[in-house]
Amino acid sequence: MSDTPANNQGTTTTIVAVTRGGQGSQGTQGTQSAPGETTIADGVVASIAGLAAREVAGVSDMTSAGLSQAFGNLGGFFTGNPDQPNKGVAVEIGETECIVDLNIIVEYGASVPQVADTIRRNVIERIKTLTGLDAREVNINVADIILPSSS
């Protein structure tokens with residue numbers, strides 16, 4: 001299997017952890033682990049990406065509406081359940097990297113380019129930190145704009 005994301009209907013990715021000289025497979029200093037496999041479901045990666053996107057100021061919500069139209073038929077994991085943190089997220093996962101597609105709603109007044117850049121940085125960092133995968137692409141579709149809620 002290549003390092004590029006597979007274009008199939010798989011629902012999990014397997015990360016084989018091998019440690020040498022006190023370093024984990026992701027280069028974590030001082031981490032020792034027993035030989036074996038760690039399997040991370042695609043939905044977990046999608047949830048991490050969705051939660052990371054929602055952490056960014058200016059993101060009002062995520063929406064699944066229009067995701068397939070915006071990015072085409074990926075053949076990867078996609079969810080449209082509005083009660084899930086991975087709503088509006090599609091992922092394709094390979095052995096060591098992934099591609100993330102997000103469908104967001106931005107608050108009126110927020111700079112869309114700045115919000116998108118911040119989302120990309122946050123999603124890439126969270127996915128790398130929490131799964132060890134490299135996010136090769138983070139594609140963002142701004143599906144709508146909404147007035148911020150007054151508190």
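Values in this text are rule-based calculations from the coordinates and carry no lab data. Please read these numbers as outputs of a predicted model, since none were measured by experiment. FYI the Cβ positions are ideal-geometry reconstructions off the backbone, even for glycines, and counts take in every protein chain you see.
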Could you give the length gained on full extension between residue 84 and residue 121, defined as 0.36 nm per residue of separation minus the Cα-Cα distance, in nm?
-> 11.1 nm
Put in order of increasing Cβ neighbours within 10 Å, starting from the fewest, 149, 64, 111 give 149, 111, 64
Calculate, for residue 107 and residue 130, the FRET efficiency according to 1/(1 + (r/R0)^6) with r their C-beta to C-beta distance and R0 22 Å; round to the nearest 0.05.
-> 0.25
For 102, 51, what ranking results if the residue with the fewest other Cβ atoms within 10 Å of its Cβ goes first?
-> 51, 102
Local charge sum around residue 144 (other residues, Cβ-Cβ under 11 Å, Lys/Arg +1, Asp/Glu -1)?
-> -2
